[in-house]
1. Out of (1) on the phi < 0 side of the Ramachandran plot; (2) touching a Gly at 6+ places or on another chain (Cβ under 6 Å), the odd one out for B:Gly13 is which?
2. Please pick out the residue among B:Arg54, B:Arg107 that is over 30 Å from B:Ala169 (Cα atoms) and either crowded, with 18+ Cβ neighbours inside 10 Å or touching a strand residue (DSSP E or B) at 6+ places or on another chain (Cβ under 7 Å) (or both).
3. Would you confirm whether or not region B:67-74 contains a residue that is within 14 Å of another protein chain (Cβ to nearest Cβ), exposed (fewer than 15 other Cβ atoms within 10 Å of the Cβ) and in contact (Cβ under 8 Å) with a residue 12 or more places away in the chain?
4. Taking the residues in region B:37-47 that are part of a loop (DSSP other than H, G, I, E, B) and surrounded by 17 or more Cβ atoms within 10 Å (Cβ to Cβ) as candidates, determine which candidate is farthest from the other protein chains (Cβ to nearest Cβ).
5. If I ask for residues that are at the interface with another protein chain (Cβ under 7 Å from one of its Cβ atoms) and either among the hydrophobic types (A, V, I, L, M, F, W, C) or without any contact (Cβ under 8 Å) to a residue 24 or more places away in the chain (or both), which ones from region B:126-141 would you list?
6. Please go through (1) of a type in the set (Phe, Trp, Tyr); (2) under 28 Å from B:Pro18 (Cβ atoms); (3) more than 10 Å from chain B (Cβ to nearest Cβ); (4) part of a loop (DSSP other than H, G, I, E, B) for A:Phe149 and return the number of the only condition it doesn't satisfy.
7. Quick check, is B:Ala113 in contact (Cβ under 8 Å) with a residue 12 or more places away in the chain, within 18 Å of the chain's Cα centre (by Cα), away from every other protein chain (no Cβ under 11 Å) and under 19 Å from B:Thr46 (Cβ atoms)?
8. Over 15 Å from the mean Cα position of the chain (by Cα) and in contact (Cβ under 8 Å) with a residue 24 or more places away in the chain: is that true of B:Ile121 in this structure?
2 protein chains.
Amino acid sequence: MRASVFIATSLDGFIARPDGGLDWLPGADGSSPTPSETGYDAFMATVDVVVMGRGTWDKVVEMGGWFYGDKPVRVLTSRSLELRPSVPKTVAAMSGTPAEVVAALAREGFRHAYVDGGKTIQAFLRAGLIQRLTLTRIPVLLGEGIPLFGNLPRDVKLKHLLTRVLGDAMVQSEYDVLAASA
Amino acid sequence: MRASVFIATSLDGFIARPDGGLDWLPGADGSSPTPSETGYDAFMATVDVVVMGRGTWDKVVEMGGWFYGDKPVRVLTSRSLELRPSVPKTVAAMSGTPAEVVAALAREGFRHAYVDGGKTIQAFLRAGLIQRLTLTRIPVLLGEGIPLFGNLPRDVKLKHLLTRVLGDAMVQSEYDVLAASA
């Protein structure tokens, strides 16, 4: 099973403000770019399961929108997941190490996971279980916040696949993760 | 006087390993890209003074190369600067806050400073004294190191000017710094 990241960061590498705030994202106010323009819709069409951490899940619930269509969503948590009636039946809790999660999803027949949320992305990267990264750089420096990347046991080399500029402002680059170098 | 940053970072935002190491930079071994291919030569041609912190200076001396041609280089340091005979006469020590440094350089008639080094870049950004950023993203995650960006008193909005891909691997983006938003 493959796993991919598709995420926006500030130019200084944050995916959210310290309190999780996303007000600095273009489109946070309903304006452009649309999920079609950012490639999010095309990316989602290639994915058959979404995996996210508990922190990100709580933020998704708080925000009230729904970004995952009818795709199965697995929330990595050791706590019980209270699912409000408004939450789609496609959502379920799950736990384990990244390797255990990938193995379990593969056994269920999933082929391409969308891994979301800072801590979860970092854990999967550390475990060498992300194959592709699509990063969209927003032209702002926040100075502090929740970082996309974290510690790694060793360098992770990437292969640049393509870069495009969205709306004359955002720079979106796609990378394949190459084998980690010792 | 204007001030610009022209620097390469890992995809996770580091300008050097924890010990200052730059072995992960393409070209560290003398191979491509050349300073002409990265736009460094063209950038340097627009600059009339180089400003760097003491830590970066010590690293430059240690590396033994010389990257600044005959441009005046000012090293920000409160300690004395021992200049070996091999160091060009264009190098001088200087101290003060970023605002004091910019004012002093302007009085000397300089018009465009190349600000280099992590701490110095961060201090100038915090003071709102950088007008342009050219960042080249190297396709590697280091996991730890000396970060390019640091804390800021407030968001710094940027205007994307252009992005180009170098050698099918490095993504170079140029930004104007817009007025800081409160």
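1. All conditions are met except number (1).
2. The unique qualifying residue is B:Arg54.
3. no
4. Going through the qualifying residues, I end up with B:Val47.
5. Passing the criteria: B:Val140, B:Leu141.
6. Tallying (1) of a type in the set (Phe, Trp, Tyr); (2) under 28 Å from B:Pro18 (Cβ atoms); (3) more than 10 Å from chain B (Cβ to nearest Cβ); (4) part of a loop (DSSP other than H, G, I, E, B), A:Phe149 fails exactly one: (3).
7. yes
8. Judged against the criteria, B:Ile121 is not a match.
The values are calculated or read from the model by the stated rules, or taken from the named source; none is laboratory data. The shown structure was predicted, so the numbers you read here are calculated from the model rather than taken from an experiment. In this analysis, Cβ positions are derived from the backbone assuming ideal geometry, glycine residues included, and neighbour counts consider all displayed protein chains.
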